[in-house]
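J.: This structure is in structure tokens; I'll ask about it shortly.
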Amino acid sequence: MKGKILFIISFVFLSTINAQIFKEPYYFIGPDEMHVYKSSNDTLYTSTTFSLQQPKAKKYRNHYKIWDVKENPSDMVIMKVESLDSIPLTTEPYPDDRFRIFVYKKNGNKELTIINNISHLTKQKMTDYNTDTIQSKTSIGMKLYSLTYMKEFLMLKKVVTKKDVDKINEELNDPKYLTFVEDYKKEIKLFDPYASILTANLINTACLNLGYNPIGASFSMNIINSNKKAKEKEKIINEFYRRLNP
């Protein structure tokens, strides 16, 4: 009976910590699609999406069991997780190295940045990993915005004309963005072979600096710069925003 009570207390404590980190869904605004992160009790859900409408739990692409969450004074959050998804067409659908450690950097109540993803760990290695040794002064990584913040973005002007695209490109020519690129190359710890995280950081920052909605901005820029006819461009962009917030 005593063991059962301790289990319940531990479960409630872990759920409370998780709620403090993901009080609501968080989104990465990528160049083509978004990634959504959501936690419920001891499970972390992640998936790609084109909409702010929340899918059911089973619709999420990735599922992780949260084993431990730790915060430190430098606004870092360290989460130890286990992948719950099986690998198809293999003799080892649940490999021993299915454990990993996510390292987040908090920026107020509206933003989280994934600054590291220590993957391919066995359960023992994850458990024994001394998270006190994880130190980072950087805030460079995959920036996530809360659903509340994303809804605020929807109130900003959209990228719908060539003039909008030109303004953003002009902003990106500012030397401060080149400085960011150099810092990114030195400090990024995430796997980013196609520079999609870098591109997202640049365009999203430029949009916010100019008062544009960053959601769908990169997509709209690509459509506007394409050889499609004006009415077709308008139709595609309008359909994107309709699907975004149905």
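J.: Would you call residue 218 assigned to a loop (DSSP other than H, G, I, E, B), touching a helix residue (DSSP H, G or I) at 6+ places or on another chain (Cβ under 9 Å) and hydroxyl-bearing (Ser, Thr, Tyr)? It would help to see each step written out before you state the result.
T.: Numbers: assigned to a loop (DSSP other than H, G, I, E, B): no; touching a helix residue (DSSP H, G or I) at 6+ places or on another chain (Cβ under 9 Å): yes; hydroxyl-bearing (Ser, Thr, Tyr): yes.
Here the answer is no, as residue 218 does not meet what is asked.
J.: Please work out which residue is modelled with the lowest pLDDT, limiting yourself to the range 19-42 and to residues that are closer than 17 Å to residue 105 by Cα and over 16 Å from the mean Cα position of the chain (by Cα).
T.: My answer is 19.
J.: Quick one: how many residues across the range 136-180 are loosely packed, with under 14 Cβ neighbours inside 10 Å and either within 17 Å of the chain's Cα centre (by Cα) or assigned to a helix (DSSP H, G or I) (or both)?
T.: Going through the range 136-180 one residue at a time, the tally reaches 12.
J.: A follow-up question, please. Can you pull out every residue in the range 221-237 that is open to solvent by 30 Å² or more (accessible area, probe 1.4 Å) and in contact with a helix residue (DSSP H, G or I) (Cβ under 8 Å, 6 or more places away or on another chain)?
T.: If the condition is that a residue be open to solvent by 30 Å² or more (accessible area, probe 1.4 Å) and in contact with a helix residue (DSSP H, G or I) (Cβ under 8 Å, 6 or more places away or on another chain), then 225, 226, 228, 233, 236 are the ones that fit.
J.: Moving to a separate point now. Do we find that residue 102 is surrounded by 13 or more Cβ atoms within 10 Å (Cβ to Cβ), touching a strand residue (DSSP E or B) at 6+ places or on another chain (Cβ under 6 Å) and not in a loop (DSSP other than H, G, I, E, B) in this structure?
T.: yes
J.: Identify, from the list 47, 74, 86, 51, the residue that is of a type in the set (Gly, Ala, Ser) and part of a strand (DSSP E or B).
T.: Being of a type in the set (Gly, Ala, Ser) and part of a strand (DSSP E or B) holds for just one of 47, 74, 86, 51, which is 47.
J.: Does the range 28-71 hold any residues that are free of Cβ contacts under 8 Å to residues at least 40 places away in the same chain, β-branched (Val, Ile, Thr) and open to solvent by less than 20 Å² (accessible area, probe 1.4 Å), and which are they?
T.: Within the range 28-71, 36, 46 qualify.
J.: Let me ask something else about it. Scan the range 124-134 and tell me whether some residue there is β-branched (Val, Ile, Thr) and open to solvent by 70 Å² or more (accessible area, probe 1.4 Å).
T.: So far as the range 124-134 goes, yes, one or more of its residues are β-branched (Val, Ile, Thr) and open to solvent by 70 Å² or more (accessible area, probe 1.4 Å).
J.: One residue is enough: does the range 111-121 have a residue meeting the conditions surrounded by fewer than 18 Cβ atoms within 10 Å (Cβ to Cβ), in a loop (DSSP other than H, G, I, E, B) and not hydrophobic (A, V, I, L, M, F, W, C)?
T.: So the first thing to find is which residues in the range 111-121 are surrounded by fewer than 18 Cβ atoms within 10 Å (Cβ to Cβ), and the list is 111, 117, 119-120.
Those still in the list that are in a loop (DSSP other than H, G, I, E, B) too: none.
Checked against the condition, which is being surrounded by fewer than 18 Cβ atoms within 10 Å (Cβ to Cβ), in a loop (DSSP other than H, G, I, E, B) and not hydrophobic (A, V, I, L, M, F, W, C), the range 111-121 yields no hits at all.
J.: Would it be correct to say that residue 195 is buried (at least 16 other Cβ atoms within 10 Å of the Cβ) and of a type in the set (Gly, Ala, Ser)?
T.: For residue 195, the condition - buried (at least 16 other Cβ atoms within 10 Å of the Cβ) and of a type in the set (Gly, Ala, Ser) - is not met.
The values are calculated or read from the model by the stated rules, or taken from the named source; none is laboratory data. The structure presented is a predicted model; accordingly, all values stated were derived computationally and were not measured. All Cβ positions, even for glycine, are placed from backbone atoms using ideal geometry, and neighbour counts span all protein chains on display. We work out accessible area using only protein heavy atoms, side chains counted, and drop any ligands, DNA or RNA first. Shrake-Rupley method; radii C 1.70, N 1.55, O 1.52, S 1.80 Å.
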